[in-house]
1. Mean Kyte-Doolittle of at least -0.5 and a Cα length of 24 Å or more along the axis: which whole DSSP H helices of chain A meet both?
2. In chain A, which longest range has no GluC sites (Glu not before Pro) that are both DSSP loop (not H, G, I, E or B) and surrounded by at most 14 other Cβ atoms within 10 Å?
3. By per-residue mean of other Cβ atoms within 10 Å, what is the highest-first order of A:214-227, B:199-212?
4. How large is the direction-averaged shadow of the alpha-carbon convex hull of region A:84-225, in nm²?
5. Put a dot 7 Å past each Cα toward the Cβ at A:THR124 and A:ARG171; how far apart are the dots in nm?
6. What list of ³J(HN,Hα) values in whole Hz, one per residue of region B:85-102 in order, does the Karplus curve 6.51 cos²θ - 1.76 cosθ + 1.60 (θ = phi - 60°) give from phi, with Gly and Pro shown as x?
7. What ³J(HN,Hα) values, in whole Hz, does the Karplus curve 6.51 cos²θ - 1.76 cosθ + 1.60 give for region B:231-236 when θ = phi - 60°, with x put for Gly and Pro?
8. Return the subset of B:LYS46/B:LYS191; A:LYS293/B:LYS169; A:LYS293/B:LYS78; A:LYS202/A:LYS293; B:LYS169/B:LYS191 for which the Cα-Cα distance in this structure is over 30 Å, preserving the input order.
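The values are calculated or read from the model by the stated rules, or taken from the named source; none is laboratory data. Remember, it's a predicted structure, so these values are computed and weren't measured experimentally. Here the Cβ is made from the backbone with ideal geometry for all residues, glycine too, and neighbour counts use every protein chain on show. The protein model used for the area step is the full one, side chains on, heavy atoms only, and it has no ligands, DNA or RNA in it. Shrake-Rupley method; radii C 1.70, N 1.55, O 1.52, S 1.80 Å.
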Amino acid sequence: MNRASLHFLLAALVAAALPLFMRSGTLASEVLIFAMAAAACNLLLGYTGLLSFGQGIFFGLGSYAVGLTLLHTSLPLSLALALSTLAGAVAATGVGWLSIRRQGVYFVMLTLAFSQFFYFLAYTFKDVTGGDNGLLNIPRPAIGPFTLGNSWSYYTFVAVLFLFVFAALQRVASSTFGRTLLAVRDNEERARAIGFPVRLFKITAFAVSGAVTGLAGALHALLIGVAPLSSIEYHMSESILIMTIIGGTGNLFASVLGAGFYVIVSDLLSSIWPRWLLLLGGLLVVVALFMQKGLWGLLERLVEALRSGRKSPVEAPVRPESEGRGI
Amino acid sequence: MSTQVPILAAENLGVRYGSFVALSEVTLSIRPNTIHSVIGPNGAGKTTLFHALTGRVRASSGRIFLNGRDITHVSDDKRVPLGIARSFQVTSLFQNLSVRENLRLAAQGRTPLRALAPWRGVDPRGSALAVADEVMERLELTHVSERAAGELSHGQQRRLEVGMAVAAKPRLILLDEPTSGMGIDDVEAMKALIRDLGRDHTVLFIEHNMGIVMNISDTVTVMRAGRVLVEGPPALVRDDPEVRRAYLGNMITGDIA
């Protein structure tokens, strides 16, 4: 079995196993929704080497798009989701088009600036977005013959979409396009010298990432029945990035691990200690310092240790990988 | 031959970095199917000339023609499909990707927009892979095809560097100091390779090793301080008093063989 099918199998296992281990269908759905957002972020960070703080924009716009469509029109759910995906893709194309004019720190600052810009836009146009209160009472209509009112039936719907999106992202990552992105990440100047219009490739990566993030945002709004202002806040971009980094940027399944870990651990910690974010910060420090391949890297080492029959060398020094390079 | 349209021509080409003049009034004409070398002391503007010809830096003045077509304002990536490819003085590979993938990408660079479709896989029987295999064979890199480029020895990396230009199947191939940092045996192999490349491509190369330059070039251009000093066949250039003066005490980086 090749790596891609193994990772897809693992993703399917996660989707199948979550209902067995979790009491709340809402939380389980949240895991898969953020897994999509993190995998989309990984396409930019891990494959293209772009550290984007704009992911929250696409997530938030997806939330608003599905909410506005369902509240103000009689379009079916499938079309509302398609519109959210489109909204994410269009916004990402625009943000990407302008941001990638600069590299490194200035690129990051531009995405950050756009993130603030869209937040205040959403905050200002209260009539459309509900402002501080968010867009309330978003219905969750049936899709074809399937009603999604129950939290586990909604989870099933999300899981199917998740697997579809995951397979699609895998396809993108292994295509000539995805392999060119890896080349851009590795050596942008050479990529240009051998003939690739690097900017066009980066913008396309943004568009794909934005589309998936928009869909994730829409599914999240349907999950909680609200498109909250917090969905488009800077903090959302940050959370998605943290999930991606904690999981590891080497492959797409790592993002599923990262999202699952983040969502479940924050849920556990927040019920015991209101200052739980402090612990999460500490964890991020550990990942940045000692395990740059993230949870996936840890898992790889565990499997390797089990195979060779030795005890896991948890303290083993991490080989200098290229993970942290090239923002 | 002299009535033939030059494959590449520069007219009064100039490049300024701020107030520093790196290249000034360079007029150059490369005849098709020749091996043309550019020599000169360090800082003479040789690499800047390459940068300008490949579009890496914008010309501040003058014009560049490829087969009679004005390409002065064509961006660097768009010059590759037109038939120009280059190697770099400082090795610039995709360090984390395999040798084969490096060359496949370089071959794909001729039709870059075909790689833009996110759903299209890499065709295992596709032409880009076939070219990659062919170039590996030619450069004797087949046995390391699956190794990451960053793990190769220096000599292998330099060969791959040249291979990246070859894989684009260009009409004109620009090599920037292909032998830099190489051991003696590797230098001989590179010399044979450049001569061999001259059979199916026009080759323009920068070189400090006079043994190679004088042996395999049809034409030699000598540069100094951003200008063309002398141009002509190797024998003429070697005996030129101006060249001898320019090199005295300056030519530390190569041996005059």
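1. Result, helices passing both filters: A:3-21, A:25-42, A:55-72, A:77-99, A:104-124, A:151-174, A:198-224, A:252-272.
2. A:1-314
3. Output ranking for A:214-227, B:199-212: A:214-227, B:199-212.
4. 10.3 nm²
5. About 4.0 nm, to one decimal.
6. So the Karplus estimates, Gly and Pro as x, are 9, 9, 10, 10, 5, 9, 3, 9, 10, 8, 4, 8, 9, 5, 4, 4, 5, 3 Hz.
7. After applying 6.51 cos²θ - 1.76 cosθ + 1.60, I find 9, x, x, x, 4, 5 Hz.
8. A:LYS293/B:LYS169; A:LYS293/B:LYS78
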